[in-house]
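*Asks:* I have a structure I would like to understand better, so I am pasting it below and will then ask my questions one at a time.
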Amino acid sequence: MDELGIVGAVPAALLRPTDPNVRIVGRALTVRNVAQTAPVADAVKTGISGLGEIEAHNLAEPGDVIVLQGVDLVSNLGGISATIGYRQGELGAIVDGGVRDVDHSRGIGYPIWSRSVTPITGKWRVETIDINRPVSIFGVTVNPGDLVLADETGVCFIPRERAADVLQRTQHNAAAEQRREEKIASGAPVAELFGVTRR
């Protein structure tokens, strides 16, 4: 991605996976949350949750990944939401914010990468203001339909119109690395591995 001028990688130190053994590749279905302005006590009295990611699940198609620009240290996505997402065929969620019920989401096979994990509900603290519009995840702009790749090392977002370019470059680099691995195994001198000599 660097070689193609694409900024889109976020390390796992910032977006931690709930299951480091999982790897996903899917399409972004985006959600944007902001902090509610009303005091929590007032929001509780209304009995109305500000969370609206359920509508994103309603739009989801198999192979989608929820990509949520959220609020940190309160939950933007919990167990019921994960269960609905799983039923809809989503591959998982990327949340620039807090999530909860991670044992449940992990148990049903709905992996999440998040900024934080929290027991604090977002129902009275968070408001969903956009679905399927551009979002920003740690400064990376993600549009609906962009490619999302995530594993134990982090998350990459690839603009959908650049996906073929990235695939071609990745295949080229992987083939070159395989040849280098074979040279290492055969005992080739270090200078031959990289085509340079130390001075």
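*Asks:* What is the magnitude of the charge dipole of the chain about its Cα centre, with +1 placed on the Cβ of each Lys and Arg, -1 on the Cβ of each Asp and Glu, and no other charges, expressed in debye to the nearest 20?
*Replies:* Numbers: 20 positive and 24 negative charges, 59 e Å.
Roughly 280 debye, rounded to the nearest 20.
*Asks:* Would you mind calculating the relative contact order of the chain from Cα pairs under 8 angstrom and at least 6 residues apart, reporting the percent as a whole number?
*Replies:* Value for the chain: 29 percent.
*Asks:* With each run of n ≥ 4 DSSP H residues scored as -39500 (n - 2.57), what mean residue ellipticity at 222 nm is computed for the chain after dividing by its residue count and rounding to the nearest 500 deg cm²/dmol?
*Replies:* Helix-only estimate at 222 nm: -8500 deg cm²/dmol.
*Asks:* Using a probe radius of 1.4 Å on heavy atoms only, what accessible surface per residue do you get for the range 1-88? Whole Å² is fine.
*Replies:* 52
*Asks:* When DSSP beta bridges are limited to those with both residues in the chain, what percentage is antiparallel, rounded to the nearest 5?
*Replies:* Around 55 percent of the beta bridges assigned by DSSP in the chain are antiparallel ones.
*Asks:* Moving to a separate point now. Within 15 Å, Cβ to Cβ, of Ile6, how many net charges do the neighbouring residues add up to if Lys/Arg are +1 and Asp/Glu are -1? Present the calculation step by step, with values, prior to reporting the outcome.
*Replies:* Working: positive: Arg160, Arg162, Arg169; negative: Asp2, Glu3, Asp146, Glu161, Asp165.
Charge balance near Ile6 sits at -2.
*Asks:* State, as an integer percentage, the relative contact order of the range 89-132 based on alpha-carbon contacts under 8 Å between residues 6 or more apart.
*Replies:* Taking the mean separation of contacting Cα pairs over the length of the range 89-132, I get 40 percent.
*Asks:* Shifting gears a bit: Quantify, in whole percent, the carbon and sulfur part of the accessible surface of the chain (1.4 Å probe; protein heavy atoms only).
*Replies:* In the chain, the share of accessible area belonging to carbon and sulfur is 53 percent.
*Asks:* Separate question: How would Leu73, Leu15, Leu91 rank on accessible area, largest to smallest, probe 1.4 Å?
*Replies:* Descending order: Leu73, Leu91, Leu15.
*Asks:* Could you order His104, His172 so the one with the most accessible surface comes first? Probe is 1.4 Å. Present the calculation step by step, with values, prior to reporting the outcome.
*Replies:* Working: His104 75, His172 115 Å².
Descending accessible area places them as His172, His104.
*Asks:* Give me the distance between the Cα centres of the range 77-131 and the range 1-69, rounded to whole Å.
*Replies:* The distance from the Cα centre of the range 77-131 to that of the range 1-69 comes to 7 Å.
*Asks:* Count the net charge of all other residues whose Cβ sits under 11 Å from the Cβ of Ser49, scoring Lys and Arg as +1 and Asp and Glu as -1.
*Replies:* Overall, the nearby charge balance is 0.
*Asks:* Next question. Rank Val65, Val99, Val44 by mean-square fluctuation in a GNM of the chain with C-alpha springs under 10 angstrom and give only the top-ranked residue.
*Replies:* Val44
The values are calculated or read from the model by the stated rules, or taken from the named source; none is laboratory data. Being a predicted model, the structure only gives us computed values, none of them experimental. Virtual Cβ from ideal backbone geometry, glycine too; neighbours counted across all protein chains shown. For accessibility, only protein heavy atoms count, side chains too; no ligands or nucleic acids. Shrake-Rupley method; radii C 1.70, N 1.55, O 1.52, S 1.80 Å.
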